[in-house]
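A short worksheet on the structure shown next.
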């Protein structure tokens with residue numbers, strides 16, 4: 001009797017294969033997850049556990065990597081040829097920085113310093129370029145960051161040009177508290193020194209202290225304790241957007 005040598009050509013051949021009585025299903029590759037990628041150590045990237053006031057790179061250092069903040073805050077500062085220092089940004093969880101190296105920048109234009117205990121991912125320039133070209137989901141996340149950062153920079157410039165120091169300080173506290181993003185009525189922001197707030201706002205420490213005390217008396221903010229930050233209430237919006245009766 002002739003042996004039956006016919007093979008099935010049905011759909012199962014694409015999803016399973018019989019081998020020694022066992023069947024192995026062909027598994028589809030796991031979709032790329034940008035968050036998982038950034039949280040895991042791998043080739044070209046390393047996770048840094050940073051202490052308070054740890055410098056990640058200094059102005060003038062070689063620009064060779066992009067950084068991503070998993071947890072904590074990072075301060076970006078620049079120093080003029082005359083030695084005057086200015087804070088140009090306070091970054092937090094979910095922010096990238098150092099991305100100018102992707103555009104051919106050879107030296108860092110700012111100094112990046114962690115504020116408090118922070119967890120930060122360092123991604124080599126070559127690795128960052130590769131994943132941006134290979135993974136659309138990661139490119140979308142990164143582009144969203146760039147657009148948001150650009151809008152924030154424009155808003156900061158308008159704020160600095162046209163608003164008084166008290167209003168600038170109130171806006172900075174609200175931004176750090178994420179008002180308008182999740183509909184919350186109060187939020188705790190990490191402790192940031194009055195000196196740093198003064199540099200961010202573009203005024204003196206004494207003026208920042210005066211305005212913070214005023215906000216406290218009006219019930220807009222509360223001091224938690226010496227090691228924590230501020231509890232910011234939504235009523236602080238009255239400083240940024242006065243009602244018609246007080247305009």
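Derivation of every value follows stated rules applied to the coordinates shown; laboratory data play no part. None of these values were measured; they are calculated from a predicted model. As a convention, Cβ positions derive from the backbone with ideal geometry for all residues, glycine included, and neighbour counts pool all protein chains shown.
Given a Förster radius of 25 Å and the C-beta distance between residue 58 and residue 36 as r, what FRET efficiency does 1/(1 + (r/R0)^6) yield to the nearest 0.05? That gives a FRET efficiency of 0.20. The distance linking segment 45-74 with segment 126-162 is 17 Å (Cα centroid to Cα centroid, whole angstrom). Between residue 105 and residue 178, the distance separating the two model label sites (each 7 Å from Cα on the Cα→Cβ line) works out to 2.6 nm.
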